[in-house]
Amino acid sequence: MNKFNTNKTVKYRDLLYKALIFIGTVLIIVYFLPRDGKFNYQFDINKPWKYGQLMATFDFPIYKTSEEVKREQDSILRNFQPYYTLDTQAAQTAINKLREKYNANIAKSATDRRYLPYIERMLTKVYKQGIMDTEALASLQKDSAQRDIRIVDQKLAYSQDISRLLSVKMAYQLLLQNDTVHYSPHILRHYQLNEYLEPNLTYDTERTESAKQEMLENYSWAKGIVLSGQKIIDRGEIVSPETYNILESLRQESEKRSQGVGQKRLMWAGQLVYVSIFMLCFMLYLDLFRKDYYNRKGSLSLLFALVMIYSVVTALMVAHNLFNVYILPYAMLPMIIRVFLDSRTAFITHVITILICSICLRYPHEFILLQITAGLAAIYSLRELSQRSQLFKSAVLVILTYALLYFAFEMITENDLSKLNGRMYIYFIINGILLLFTYPLLFLLEKTFGFTSNVTLVELSNINTPLLRRMSETVPGTFQHSMQVANLAAEAANRIDAKSQLVRTGALYHDIGKMENPAFFTENQQGGVNPHKNLNYEQSAQVVISHVTDGLKLAEKHNLPKVIKDFISTHHGKGKTKYFYISWKNEHPGQEPDEALFTYPGPNPFTKEQAILMMADSVEAASRSLPEYTEATIGNLVDKIIDSQVEEGYFKECPITFKDIATVKEVFKEKLKTIYHTRISYPELKKEEPQKQEKS
């Protein structure tokens, strides 16, 4: 009952983890996706339309071009009159100031009292005419299109020709020169007229802008309308200036519609559904066809993290107009997954990612075409990464794939080689250079998600590594046995499409625990000394079994990957040390031993590669005891050992088929016959006997 509850709890935890990683990935991607309603077409005047037939899905106006708008608005504003406020009190203030100064000073020296009324009349006249600041008047007169202004006198407004406006200097000259016959300019200067002249016209910004806005509000920005369902353009048609204007109008109207709160909510909901469907399909693929990845948190996390990172980076680049998305090495994603998992999962993940990223772009069809093809080229070129040079070759192949496909695409759409987009080919080269960073990135991903790449396996299989070098020196017999097992297992793995490099590396390390007690294992004994003679069967069995636990400790100490540790723990599975177990039973007839003392801790193999290693280990060890090496004895030995393992259920928990097992048997038989093939004995040259001479 407790075991059932534990399994149920683990199941619910796994389900919760999958739900959380699904929801988290979808929400993060959707959060970063742009929602500015970009018009997803690229077009130019006098070039062919490279998309399918475009129909209007809603009514929209045909907007005037910027040149037309400027020309027409300039024509309207040419007759516009800016507003200036007239200070009606300025004239009276100046007259009062004049009278006050006249009574105080000037009246005593004045010889002709006719000047005061004249000056008052003239002040009233110039202030009525309007005095402006000198710079403001010069700016107004400089505008050749401007002829009149509107002067606001309290609640009334009237037009005034700017030629009648005065600056302070002009008003002063008018006072002096208006009537020189009756009034002497020399005498007028004694009145210090400049003290009574101040600008009384000020620009009314608010009223002017309001009037201008009112005038422009009546302006029609459109010169026609396109009705819903109306054909705009079809594939291959040349984009004329008129059609270009219609397409630009459709772009403006589409972006305007997307800016509303309701439209943005609809877009957000659409993006959420879109991303959720693709991620759900991806999870269904894993559940149906790659259940081992689906049930392993490390694999699931890596896959979802890669999809999320590429989608978010693409969205940010598009939203903030950072560089060009074609420099982003999308082919790196399937390469990473191919190295850690398999080709089919790499392709499906790549397609899902590209389809999600495509909704950020203006022209997604071209993007999807290029990226999926480049991804396939990357997967094909990197079927098994073991050398750094392979990455360089893959990068070159990806660049060529991009370039050739885009060149073909341009020839179809442009029909003119002089109009090829050279910048795109530069982007492809940068993309290929960035692909080379896959190599150091693999190391980080290995440590983060608990994977082991072929590069790491190749490095570990180098016999000059400290652990293997120590093994060759400490337990040379075991080392030779491990080398033979590695060769047998790798060949068998190649024949049944298993991971040959993985099983080879696992085979080299599967018996490292024997270094702790080398003399207790037959292949390392010398001079006929057998320490088991001093132990009972239970003790001997425990010493032999301990090479598994000792091997795991050594693996932990030397930071070997988990996949290698799994080979150490499963190469005997939950089998028994049969020699000591059977010997004990023969000496104690009718009694049952404590089987735990004779049983390896396991577990049984749970991958193809582990099953191959178990078979290779047993077969290679047993083959050393054959009295003679013939095709029959080798065949019988291989069949007997592997059939026995199948009957005892060692392979029930791993995905290996009877067909695979039959193929493995054939490989082992072929290899062992080659290894133990007896040489042909060369005949010795017989010496000729001296001929007896007959006595005559």
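The values are calculated or read from the model by the stated rules, or taken from the named source; none is laboratory data. This is a predicted model, so every value here is computed, not measured. We place every Cβ from the backbone using ideal geometry, glycine too, and count neighbours over all the protein chains shown.
Of all residues in segment 26-64, how many are at pLDDT 80 or above and of a type in the set (Ser, Thr, Tyr)?
Total satisfying the criteria: 2.
Looking only at segment 293-345, count every residue that is without any contact (Cβ under 8 Å) to a residue 24 or more places away in the chain and either surrounded by fewer than 15 Cβ atoms within 10 Å (Cβ to Cβ) or not in a helix (DSSP H, G or I) (or both) and tell me the total.
Summing the residues that are without any contact (Cβ under 8 Å) to a residue 24 or more places away in the chain and either surrounded by fewer than 15 Cβ atoms within 10 Å (Cβ to Cβ) or not in a helix (DSSP H, G or I) (or both) in segment 293-345 gives 6.
Give segment 346-365 a look and list any residue that's in a helix (DSSP H, G or I) and at pLDDT below 90, or say none.
Passing the criteria: Pro364, His365.
Out of the residues in segment 486-527 that are assigned to a loop (DSSP other than H, G, I, E, B) and surrounded by fewer than 16 Cβ atoms within 10 Å (Cβ to Cβ), state the one that is nearest to the chain's Cα centre (by Cα).
My answer is Asp497.
Out of (1) buried (at least 17 other Cβ atoms within 10 Å of the Cβ); (2) modelled with pLDDT of 80 or more, the odd one out for Glu100 is which?
Every condition holds for Glu100 apart from (1).
So which helices (runs of 4 or more DSSP H) are wholly in segment 588-675 and hold at least 2 residues that are over 19 Å from Glu491 (Cα atoms)?
Fully inside segment 588-675 and qualifying: 631-647.
Which ones in segment 435-473 are small (Gly, Ala, Ser), modelled with pLDDT under 85 and surrounded by fewer than 19 Cβ atoms within 10 Å (Cβ to Cβ)?
The answer is Gly450, and nothing else.
Please go through segment 570-604 and pick out each residue that is within 54 Å of the chain's Cα centre (by Cα) and buried (at least 21 other Cβ atoms within 10 Å of the Cβ).
Answer for segment 570-604, where residues must be within 54 Å of the chain's Cα centre (by Cα) and buried (at least 21 other Cβ atoms within 10 Å of the Cβ): Thr570, His571, His572, Gly573, Thr577, Phe598, Tyr600, Asn604.
Name the residue, out of Ser461, Ser500, Ser482, that is of a type in the set (Ser, Thr, Tyr) and closer than 19 Å to Ala621 by Cβ.
Among Ser461, Ser500, Ser482, only Ser482 is of a type in the set (Ser, Thr, Tyr) and closer than 19 Å to Ala621 by Cβ.
Within segment 528-540, is there a residue that is surrounded by fewer than 20 Cβ atoms within 10 Å (Cβ to Cβ), assigned to a helix (DSSP H, G or I) and among the aliphatic types (A, V, I, L, M)?
No, segment 528-540 contains no residue that is surrounded by fewer than 20 Cβ atoms within 10 Å (Cβ to Cβ), assigned to a helix (DSSP H, G or I) and among the aliphatic types (A, V, I, L, M).
List the number of the failed condition for Ala91; all other conditions in (1) more than 26 Å from Ala136 (Cα to Cα); (2) over 56 Å from the mean Cα position of the chain (by Cα); (3) surrounded by 11 or more Cβ atoms within 10 Å (Cβ to Cβ) hold.
(1)
Collect the residues in segment 549-572 that are touching a helix residue (DSSP H, G or I) at 6+ places or on another chain (Cβ under 6 Å), of a type outside the set (Ser, Thr, Tyr) and closer than 15 Å to Met614 by Cα, keeping them in residue-number order.
Correct list: Ile564, Lys565, Phe567, Ile568, His571.
Considering each of Leu140, Leu156 in turn, give the residue that is over 24 Å from Asn105 (Cβ atoms), out of contact with any Leu (no Cβ under 7 Å at 6 or more places or on another chain) and loosely packed, with under 14 Cβ neighbours inside 10 Å. Walk me through it before giving the result.
Values: Leu140 fails: loosely packed, with under 14 Cβ neighbours inside 10 Å.
Among Leu140, Leu156, only Leu156 is over 24 Å from Asn105 (Cβ atoms), out of contact with any Leu (no Cβ under 7 Å at 6 or more places or on another chain) and loosely packed, with under 14 Cβ neighbours inside 10 Å.
Identify, please: which residue in segment 640-655 is in contact (Cβ under 8 Å) with a residue 24 or more places away in the chain and closer than 16 Å to Lys576 by Cβ and is, among those, surrounded by the fewest Cβ atoms within 10 Å (Cβ to Cβ)?
Gly649
Of Ala403, Ala374, which residue is under 30 Å from Ser500 (Cβ atoms), in the same structural domain as Asn431 (by TED's automatic domain parsing) and touching a helix residue (DSSP H, G or I) at 6+ places or on another chain (Cβ under 6 Å)?
Exactly one residue qualifies, and that residue is Ala374.
Quick check on my filter: what residues within segment 267-282 are at pLDDT 90 or above, surrounded by fewer than 18 Cβ atoms within 10 Å (Cβ to Cβ) and aliphatic (A, V, I, L, M)?
Once the filter is applied, which keeps residues that are at pLDDT 90 or above, surrounded by fewer than 18 Cβ atoms within 10 Å (Cβ to Cβ) and aliphatic (A, V, I, L, M), segment 267-282 yields Ala269, Leu272, Val273, Ile277, Leu280.
Among the residues of segment 474-483, is any among the polar types (S, T, N, Q), surrounded by fewer than 21 Cβ atoms within 10 Å (Cβ to Cβ) and either touching a Lys or Arg at 6+ places or on another chain (Cβ under 8 Å) or farther than 30 Å from Ile656 by Cα (or both)?
Yes, the conditions are met somewhere in segment 474-483.
Go over the candidates Glu237, Glu214 one by one and state the one that is within 30 Å of Glu253 (Cα to Cα) and surrounded by fewer than 12 Cβ atoms within 10 Å (Cβ to Cβ).
Matching residue, one of Glu237, Glu214: Glu214.
Here is a check on your reading of the model: is Val455 among the β-branched types (Val, Ile, Thr) and either more than 31 Å from the chain's Cα centre (by Cα) or within 30 Å of Tyr579 (Cβ to Cβ) (or both)?
no
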